[in-house]
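Coordinate-derived values only; no laboratory data. These numbers were taken from a predicted model, which means no experiment stands behind them. With ideal geometry, Cβ positions are generated from the backbone for all residues, glycine too; neighbour counts draw on all protein chains shown.
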Amino acid sequence: MAPRSFSNEEVTHILEQVLVHQCACPSQLCRVILALRELAQYERDCLDRTATDVKVHYAIEKAAEACEAIMNACLAEVLELEGWDPVSLSMPDYLKEHQLRLVRDNEAQ
């Protein structure tokens, strides 16, 4: 099976759910993925003034893309482990309820 690469829309959809339900681990992965994409795009758009600039920007872009691939694979694994719906990328009900219980318990203290 080919590694999963989440679109920006999918990452944002996951991020919105985890922020609402205060689920930090998938949130951190989503933020890292978006930041790595931003870094790679920045390097692609950077002005090349010398041959060294071209090499530097290319090296950073490729490293960011490699890191993103690793984080995409990790996000896919985390979502599978937690039982997210693989098509809709919806957070499972048990996880939503667990997060709400944690908030309620924290407020009760």
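For the chain, the dipole from Cβ point charges (+1 on Lys and Arg, -1 on Asp and Glu) about the Cα centre works out to 220 debye, to the nearest 20. Taking other C-beta atoms within 10 angstrom as a stand-in for reagent exposure, LEU15, LEU29 fall in the order LEU15, LEU29, fewest first. Adding -39500 (n - 2.57) for every DSSP H run of four residues or longer, then dividing by how many residues the chain holds, sets the calculated 222 nm ellipticity at -26500 deg cm²/dmol.
Can you put VAL20, VAL32 in order, fewest other beta carbons within 10 Å first? Write out the running numbers ahead of the final one.
On the way: VAL20 11, VAL32 17.
Going from sparsest to densest Cβ surroundings: VAL20, VAL32.
Return LEU100, LEU34 ranked ascending by Cβ neighbour count within 10 Å, so the fewest neighbours appear first.
With the sparsest Cβ surroundings first, the list reads LEU100, LEU34.
Extent along the principal axes, Cα only, for segment 9-108: 60, 29, 17 Å, with the longest axis given first.
Between 0 and 90 degrees, rounded to the nearest ten: what's the tilt of helix 93-108 against the longest Cα principal axis of the chain? Relative to the chain, helix 93-108 is tipped by roughly 70 degrees.
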